[in-house]
């Protein structure tokens, strides 16, 4: 009987030790993944990760119905904020890829927000949307470019990635193909580490 108890105890202790090793390795792997740099190839070579991470300032945008919306309403999602204008040729070229990105990754954990920097606001944006048919792309107006100024946007297009907690993860100045494999890999990277 005593031999049975000693053997059982040894088996249980070995099981607990193995569980502890695997649990430690799993948490180590998660920590490594969280600190690993995002893939920055191709169109994403110009993406600059923020160091250190800091909270985004209070940001407010204007919906088509004229309602002011706080970007805090998007908390819990990874948010790709694209600053563009109807008169900006590189912005116009980039817009279809943003719409495709939204279609491919948009949902409960991620969204694209295209913020127009047009002075005429919706008076300029509505005809543009009718002409270009960017279905499914969430488009808003950055009233008086206040959000762009707070995020230090100095040229168009500029894209800023915000974490689910509202922190600035990084930015990309200039045009990008947001439906390219390297862009999808960047978004997927932050979806994994921003939990």
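What follows is calculated from the coordinates using simple rules that are stated; it is not laboratory data. Values in this document were obtained by computation on a predicted structure and should not be read as measured data.
Can you tell me the length gained on complete extension of the stretch residue 109 to residue 193, counting 0.36 nm per residue apart and subtracting the Cα distance?
Between residue 109 and residue 193, full extension yields an extra 29.0 nm.
Between residue 150 and residue 185, what length in nm is gained on full extension when 0.36 nm per residue of separation is reduced by their alpha carbon distance?
9.8 nm
In whole angstrom, note down how far apart the Cα centers of segment 64-101 and segment 42-60 are.
Going from one Cα centre to the other spans 15 Å.
For segment 40-193, what is the convex hull volume of its Cα atoms per residue in Å³?
Dividing the Cα hull volume of segment 40-193 by its residue count gives 103 Å³.
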